[in-house]
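The values are calculated or read from the model by the stated rules, or taken from the named source; none is laboratory data. Predicted, not measured: the structure shown is a model, and the values here were computed from it. Cβ atoms come from the backbone with ideal geometry, glycine included; neighbour counts cover every protein chain shown.
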Amino acid sequence: MPLIGCTTAGQIATAGPSDTGVVVAALGGSGFAVQTTVAAEASGNLREAGACVARGLFDRTDLPHKVMLLLSDGLSGDQQEIVRGAHGVLGAAVPLVGGCAGDDLKMSETFQFYDDRVLTDSVVAAGIASNAPLGVGVRHGWRRVGEPMLVTSSRSNRVYTLDDRPALDAYLEHLGVTGPTQPDQEGLARLALTHPFGMSRSNDEDQVRFIGGGDFAERSLSCIAEVPQGALVWIMEGDAQSVLEATKAACGDSLVALDGRPPLGMIAFDCIARRAVLGEGEGGIKSEIDRLATMAAGAGLAGFYTYGEIARTRGVRGFHNQTLVLLSIG
């Protein structure tokens, strides 16, 4: 039986969230087909890695509803390039969903699984085809805080200056935080969990960018996906209410696409940062999973906490940070 998977920043299942387990979703049955692919050493050419796995999606004209599920190494560079590569092969008709592997906020190394192989710096994917609808929902629940900053120097996913000042210093000052005298990647990652960047997008909610690390010598910031030079960025924040409202909206969007059919299952890609906002208590992340399980109406729920999320349903853009992506299977 084909297998894909990855390491996580926590697991999601119908019974609730966990940190030290394994979650498995089995896909199959009549009117349903899955084919898996892999692209190794992806950071050498992320766009080609996306295109490579997309070429593995089979042509099943008898199964009209299709989606490609991708699991990637979010520490390997600008993940939007993977989306661009897959979209270039599949076109607009096939949605993309998925997420980036985690390593419990160490931000050091993640692993992807393909059959009996354990890989890093790779993209693993499953092309899913069905005779029934497949629904995708994507929402984040973050809002802008304070004044915008202009990205005055950046390249790909690294931001060098904001308002012509070193990006790390400008970011910390906007938060009223004194910069550490020694490099502290884990401390910066914890701070960024609840204070991401937001970029304005026309006719859409702001696109969120997770700050995955910094260069404490050159005072730059590294994000999980591209932050273009010339863009306006805001520091974002959220609370339990805004995050749970986004959860409900994403679930509703994915279920509406099923045209009234009850879901057979639901796969969730939920950012570790949203988990940080909700907290670990009974009213925190468990309440979010309970809400998803209730809306799934008895169908199985599986997923994981990610370092970035993939949801391309229209246009070319489809890589998100600090967002919830849901795939409902009809």
Query raised in the report: Exactly one of (1) buried (at least 21 other Cβ atoms within 10 Å of the Cβ); (2) hydrophobic (A, V, I, L, M, F, W, C); (3) in the same structural domain as Gln322 (by TED's automatic domain parsing) is unmet by Phe111. Its number?
Result: (1)
Query raised in the report: When both residues are 6+ apart or on different chains and their Cβ atoms are under 6 Å apart, which pairs have a first residue that lies in the stretch 128-157 and is over 19 Å from Asn321 (Cβ atoms), and a second that is part of a strand (DSSP E or B) and charged (D, E, K, R)?
Result: Ala129/Lys66
**Report entry** Failed item in (1) in contact with a helix residue (DSSP H, G or I) (Cβ under 6 Å, 6 or more places away or on another chain); (2) surrounded by fewer than 21 Cβ atoms within 10 Å (Cβ to Cβ); (3) touching a residue at least 40 places away in the same chain (Cβ under 8 Å), with Ala51 passing the rest
**Finding:** (3)
**Report entry** Pairs, first buried (at least 18 other Cβ atoms within 10 Å of the Cβ) in the stretch 206-223, second in a loop (DSSP other than H, G, I, E, B) and aromatic (Phe, Trp, Tyr), C-beta under 9 Å, six or more apart
**Finding:** Asp206/Trp142; Val208/Trp142; Phe210/Tyr307; Gly212/Tyr307; Cys223/Phe210
Requested in this report: Return only the number of the condition from (1) modelled with pLDDT under 90; (2) farther than 20 Å from Phe319 by Cβ; (3) among the basic types (Lys, Arg) that Lys248 does not satisfy.
Outcome: (1)
Query raised in the report: Before we move on, is Gly91 surrounded by fewer than 16 Cβ atoms within 10 Å (Cβ to Cβ), within 19 Å of Val118 (Cβ to Cβ) and in the same structural domain as Ala273 (by TED's automatic domain parsing)?
Result: no
Query raised in the report: From Leu57, Leu75, Leu27, Leu69, which residue is crowded, with 16+ Cβ neighbours inside 10 Å, farther than 28 Å from Arg274 by Cβ, in contact (Cβ under 8 Å) with a residue 12 or more places away in the chain and assigned by TED's automatic domain parsing to the domain that holds Phe304?
Result: Leu57
Query raised in the report: So, in the stretch 292-330, of the ones that are at pLDDT 90 or above and charged (D, E, K, R), which residue ends up farthest from the chain's Cα centre (by Cα)?
Result: Arg312
Requested in this report: Name every residue in the stretch 13-45 that is within 22 Å of Arg312 (Cα to Cα) and not in a loop (DSSP other than H, G, I, E, B), in order of residue number.
Outcome: Phe32, Ala33, Val34, Gln35, Thr36, Thr37, Val38, Ala39, Ala42, Ser43
Query raised in the report: Which ones in the stretch 180-221 are assigned to a loop (DSSP other than H, G, I, E, B) and either touching a helix residue (DSSP H, G or I) at 6+ places or on another chain (Cβ under 6 Å) or at pLDDT 80 or above (or both)?
Result: Asp184, Thr194, His195, Pro196, Ser200, Asp206, Phe210, Phe216, Ala217, Glu218, Arg219
Query raised in the report: Out of the stretch 132-176, which residues are more than 14 Å from Ile235 (Cβ to Cβ) and of a type in the set (Lys, Arg)?
Result: Arg139, Arg155, Arg158, Arg165
Query raised in the report: Going through the stretch 230-271 one residue at a time, which ones are crowded, with 22+ Cβ neighbours inside 10 Å, under 19 Å from the mean Cα position of the chain (by Cα) and not in a strand (DSSP E or B)?
Result: Gly238, Val243, Ala246, Thr247, Ala250, Cys251, Ser254
